[in-house]
Amino acid sequence: MDSSNFENTKAIETKNLTKIYHGGIRAVDDVTFLVQPGEIFGLLGPNGAGKTTMIKMIVTLARPTTGNLRVFGIDASKSPETVRNMLGYVPQSISVDTDLTGYENLLIFSKLSYVDKKQRNGRIKDALEYMGLTDRAKDLVKHYSGGMMRRLEIAQALVNRPRILLLDEPSIGLDPASKMHVWESIKQLKEKFGTTILITTHDMSEADELCDRIAIMSDGKIAALGSPIELKKSVGGDVVTVNLTVAYPSITFPKEIGTIMHSNEKSIQILAENGEIAIPLVSNFFRDQKIAIDSISINKPNLDDVFMKYAKRRLHEEISPHATSARRDFVRHTR
Ligand SMILES: Nc1ncnc2c1ncn2[C@@H]1O[C@H](COP(=O)(O)OP(=O)(O)OP(=O)(O)O)[C@@H](O)[C@H]1O
Ligand SMILES: [Mg+2]
């Protein structure tokens with residue numbers, strides 16, 4: 001493709017990017033998006049949506065089958081090394097050696113990423129301090145908590161002062177306090193250094209909390225893209241959740257009150273223009289049907305409702321527990 005079609009003022013630019021693995025799995029399917037310099041951009045989607053594959057193509061560890069990919073205007077397939085030098089990457093799986101100390105891990109990494117010998121010590125010290133690990137730098141990583149290990153991995157990715165930091169599931173398997181700590185460090189990186197950050201996650205609250213813009217991925221495609229506020233607004237109206245006392249097989253609901261977004265046996269979610277007006281109508285409807293209501297509530301749409309609208313499925317029902325437990329199990333073994 002003609003290079004004039006790309007602007008090098010964009011941090012990441014993909015055009016019709018597709019990755020088909022051996023066996024024909026279309027992990028990323030014709031994806032086009034932009035990441036602006038200095039923004040935190042999230043790829044949100046369930047297991048198998050193609051998030052890791054997308055990140056691997058950006059860090060030049062996987063080759064696109066078709067389409068184009070540029071990082072600050074540089075073509076990733078033509079100049080992978082130049083692209084890699086601009087990036088810091090924290091993979092989904094463990095990327096530090098647990099039999100070494102925190103400091104040793106960073107030292108090895110700084111050598112591997114050709115950080116100038118004179119600058120090495122300073123860079124390592126800064127990265128450890130930045131991620132709140134100075135006191136534990138001389139301890140073996142196997143004695144770290146899960147949150148500390150994740151912070152060390154981020155510190156490692158910061159040693160070569162990347163323009164773009166890519167984090168694949170930054171807080172997977174972490175307890176709430178460690179998660180907050182990681183989130184805070186990510187926000188600070190953007191605010192203090194203007195680092196562009198791309199994260200993948202299947203955690204709605206993480207995407208909501210951290211990201212300036214989110215691309216919602218489903219089956220290798222981008223189902224919706226925008227700021228969390230824009231995306232939630234685009235669902236429109238209020239979500240009325242009705243919990244029933246007994247399971248009810250199927251309900252045909254009057255369209256004037258709202259439309260059913262999702263239902264399982266005992267719980268029904270209705271999208272209504274105005275929740276407060278809808279609630280009495282919803283109660284009357286179920287009373288007429290002789291179905292007893294246990295509770296009823298109104299909420300503004302969340303990112304799961306956005307996923308439901310665009311991917312026609314529930315995000316939280318798509319997440320297989322084994323993916324989230326993989327890191328956790330490892331962390332448990334190392335304690
Ligand atoms: N190396 C590979 N060879 C063949 N298929 C693969 C490979 N890596 C991933 N896939 C498949 O590609 C699809 C997308 O996988 P990917 O790991 O990119 O998804 P993901 O969104 O990161 O999922 P998760 O939330 O589980 O990390 C899945 O169907 C997966 O099985
Ligand atoms: Mg993944």
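The values are calculated or read from the model by the stated rules, or taken from the named source; none is laboratory data. Only a predicted model underlies this, so the values are computations on that prediction, with no experimental measurement involved. Don't worry about glycine lacking a Cβ; one is built from the backbone with ideal geometry, like all the others, and counts go over all protein chains shown.
Tabulated values for the structure
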{"read-out": "Test result for Asp238, more than 25 Å from Val159 (Cα to Cα) and within 16 Å of ligand 1 (Cβ to nearest atom)", "value": "no"}
{"read-out": "Tally of residues being more than 13 Å from Val96 (Cα to Cα) and of a type in the set (A, V, I, L, M, F, W, C) across the stretch 138-159", "value": "2"}
{"read-out": "Candidates Leu44, Leu100, Leu69, Leu112, filtered to the one that is away from ligand 2 (no atom under 16 Å from the Cβ) and crowded, with 18+ Cβ neighbours inside 10 Å", "value": "Leu69"}
{"read-out": "Yes/no for Ala155 being free of Cβ contacts under 8 Å to residues at least 60 places away in the same chain, more than 16 Å from ligand 2 (Cβ to nearest atom), assigned by TED's automatic domain parsing to the domain that holds Gln36 and among the hydrophobic types (A, V, I, L, M, F, W, C)", "value": "no"}
{"read-out": "Tally, over the stretch 248-272, of residues that are loosely packed, with under 12 Cβ neighbours inside 10 Å and either over 30 Å from the mean Cα position of the chain (by Cα) or acidic (Asp, Glu) (or both)", "value": "7"}
{"read-out": "Residue match in the stretch 190-197 (condition: under 24 Å from Phe307 (Cα atoms) and either away from ligand 1 (no atom under 13 Å from the Cβ) or not hydroxyl-bearing (Ser, Thr, Tyr) (or both))", "value": "yes"}
{"read-out": "Output for the stretch 20-41, where each listed residue is within 13 Å of ligand 2 (Cβ to nearest atom) and under 14 Å from Ala76 (Cβ atoms)", "value": "Val28"}
{"read-out": "Condition broken by Gly23, with the remaining ones in (1) assigned to a loop (DSSP other than H, G, I, E, B); (2) over 19 Å from the mean Cα position of the chain (by Cα); (3) more than 9 Å from ligand 1 (Cβ to nearest atom) satisfied", "value": "(3)"}
{"read-out": "Residues of the stretch 273-317 that turn out to be more than 28 Å from Glu230 (Cα to Cα) and in contact with a Gly (Cβ under 8 Å, 6 or more places away or on another chain), as a count", "value": "0"}
{"read-out": "Residue within the stretch 36-50 that is modelled with pLDDT under 95 and under 30 Å from Arg136 (Cα atoms) present", "value": "no"}
{"read-out": "Segments classed as helices (runs of 4 or more DSSP H), wholly inside the stretch 36-114, with at least 2 members that are in contact (Cβ under 8 Å) with a residue 12 or more places away in the chain and within 12 Å of ligand 1 (Cβ to nearest atom)", "value": "51-58"}
{"read-out": "Subset of the stretch 233-261 [part of a strand (DSSP E or B) and farther than 17 Å from Ile291 by Cβ]", "value": "Asp238, Val239, Thr259, Met261"}
{"read-out": "Residue within the stretch 270-284 that is at negative phi and within 16 Å of ligand 1 (Cβ to nearest atom) present", "value": "no"}
{"read-out": "Members of the stretch 190-201 found to be assigned to a loop (DSSP other than H, G, I, E, B) and either touching a helix residue (DSSP H, G or I) at 6+ places or on another chain (Cβ under 8 Å) or not assigned by TED's automatic domain parsing to the domain that holds Leu225 (or both), listed by number", "value": "Thr195"}
{"read-out": "All positions within the stretch 158-178 that are surrounded by 21 or more Cβ atoms within 10 Å (Cβ to Cβ) and assigned to a helix (DSSP H, G or I)", "value": "Leu158"}
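For every residue, the table says whether it meets (1) modelled with pLDDT under 85; (2) more than 16 Å from ligand 2 (Cβ to nearest atom).
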{"site": "Glu230", "(1), (2)": "no, yes"}
{"site": "Pro249", "(1), (2)": "yes, yes"}
{"site": "Lys255", "(1), (2)": "no, yes"}
{"site": "Glu276", "(1), (2)": "no, yes"}
{"site": "Pro280", "(1), (2)": "no, yes"}
{"site": "Ala292", "(1), (2)": "no, yes"}
{"site": "Leu303", "(1), (2)": "no, yes"}
{"site": "Pro321", "(1), (2)": "yes, no"}
{"site": "Thr324", "(1), (2)": "yes, no"}
